[in-house]
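**Student:** For reference, the structure I am asking about is given below.
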Amino acid sequence: MSFSVPFQIAIDGPVAAGKGTVSRLVADRLGFLYVDTGAMYRVAAMLALTKECSLDDGPAIAEIISQAKIEMNNPKEGEKDGRLTTVVVDGKDVSWEIRTEVVSKGASTIAVHPEVRSVLVKKQQQIASIQNVVMEGRDVTYRVLPEAQLKIFLTGDATVRAKRRHLQLQTRGQNTTFSEVYQAIVDRDTHDTERATDPLKKIPEAWEINTTDLSIEQVVDLIVNKVAAMRNQDDR
Ligand code: DC
């Protein structure tokens, strides 16, 4: 598919709604770039933790990430180990380091700081200004890409989301109980929804897809078919 201006698909939603997997597959089918904005908040948390910077110090964390070189690419042949995106920070592959529970919680904590959000949102807008993207996160539909041609709110029942995340963690050899995973998901959703700056929310014009009873493939088909229909409409 070719478009005269970058075609932007913005997807927001709570933890483990399937945003990452769905976005990666939609991007592959359409030949778009997949951008995981959560990975950037995770990098910010990881850097703050390794540099022993307080997670409450927004300006200091914003300064740290302004100086870091963050690269996000599609996984190359030798990197296909279940990751959806390869994240390199100052030359070091941190794709898995940013997926631990400590970093997950830290990302939700540092995401409240307006200074941090401002730096990351600018980086995200820059990426989406030059190429077709499927970009997912919490504020993409209304803050990062308010002009996106397609805006989606991907959601799902918390128990089903926790089951999926638990299975994912077990596959990676991480030993956590279902109730720990469920509680962590609920806590993170509450924190992301209730923060003052750019919380997770569904805007009225976003297309809500509830993934509770749908397979990943069904969700991907819904979105790809929608883009094809929009494209046909444009061609008329
Ligand atoms: O999508 P994720 O679980 O990898 O995101 C990690 C945290 O980053 C999440 O708890 C909230 C924050 N986040 C955000 O505030 N805004 C975004 N656009 C993406 C993620």
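Throughout, read-outs are computed from the coordinates displayed, never taken from laboratory work. In this text the structure is predicted, and so the values were computed from the model without any measurement. No Cβ is skipped: glycine too gets one built from the backbone with ideal geometry, and neighbour counts run over all protein chains shown.
**Student:** Under 10 Å, Cα contacts only: if you run a Gaussian network model on the chain, which one of Thr85, Thr50, Thr190 comes out with the highest mean-square fluctuation?
**Tutor:** Of the options given, Thr50 has the highest mean-square fluctuation.
**Student:** List Trp207, Trp96 from most exposed to least, where exposure is judged by having the fewest other Cβ atoms within 10 Å.
**Tutor:** Arranged by neighbour count, lowest to highest, Trp207, Trp96 become Trp96, Trp207.
**Student:** What whole-number volume per residue, in cubic angstrom, does the convex hull of the C-alpha atoms of the chain give?
**Tutor:** 125 Å³
**Student:** Another question about this same structure. Work out which GluC sites (Glu not before Pro) in the chain are exposed loop sites (DSSP not H, G, I, E or B, at most 11 other Cβ within 10 Å) and give the longest gap free of them.
**Tutor:** 53-146
**Student:** Over all directions, what mean area does the Cα convex hull of region 103-236 project, stated in square nanometres?
**Tutor:** 9.7 nm²
**Student:** I need Val134, Val186, Val5, Val35 ordered by Cβ neighbour count within 10 Å, fewest first.
**Tutor:** So the residues, fewest neighbours to most, are Val5, Val186, Val35, Val134.
**Student:** Next question. Once every DSSP H run of n ≥ 4 in the chain is given -39500 (n - 2.57) and the sum is divided by its residues, what mean residue ellipticity at 222 nm do you get, rounded to the nearest 500 deg cm²/dmol?
**Tutor:** Computed ellipticity for the chain at 222 nm equals -15500 deg cm²/dmol.
**Student:** Rg(Cα) of region 1-76 divided by 2.2 N^0.38 Å?
**Tutor:** After normalising by residue count via 2.2 N^0.38 Å, the value is 1.36.
**Student:** Go through region 118-216 and name the trypsin sites (Lys or Arg not before Pro) that are in a DSSP coil and have 14 or fewer other Cβ atoms within 10 Å of their Cβ.
**Tutor:** Arg172, Lys201
**Student:** Moving on to the next point. Classify region 179-236 as rounded, prolate or oblate from the Cα gyration tensor: take a ≥ b ≥ c as the square roots of its eigenvalues, call it rounded if a/c is under 1.5, otherwise prolate when a/b beats b/c and oblate if not.
**Tutor:** oblate
**Student:** Oh, and also: Would you look at the GNM of the chain, springs on alpha carbons closer than 10 Å, and say which of Gln183, Gln168, Gln67 moves the most?
**Tutor:** Per the Cα network of the chain with a 10 Å cutoff, Gln67 tops the list.
**Student:** How would region 67-137 be classified by its alpha-carbon gyration tensor: rounded, prolate or oblate, with rounded meaning a/c under 1.5 and the a/b versus b/c comparison settling the rest?
**Tutor:** Here region 67-137 falls in the oblate category.
**Student:** Against the empirical 2.2 N^0.38 Å scaling, what ratio does the C-alpha Rg of region 11-150 come to?
**Tutor:** The reported ratio for this selection is 0.99.
**Student:** How many angstrom lie between the C-alpha centres of region 1-76 and region 198-236?
**Tutor:** A separation of 20 Å, based on Cα centres.
**Student:** Here's something else I'd like to know. Counting other Cβ atoms within 10 Å, keep those with at most 15, restrict to DSSP loop, and tell me which chymotrypsin sites (Phe, Trp or Tyr not before Pro) in region 1-67 are left.
**Tutor:** Phe3
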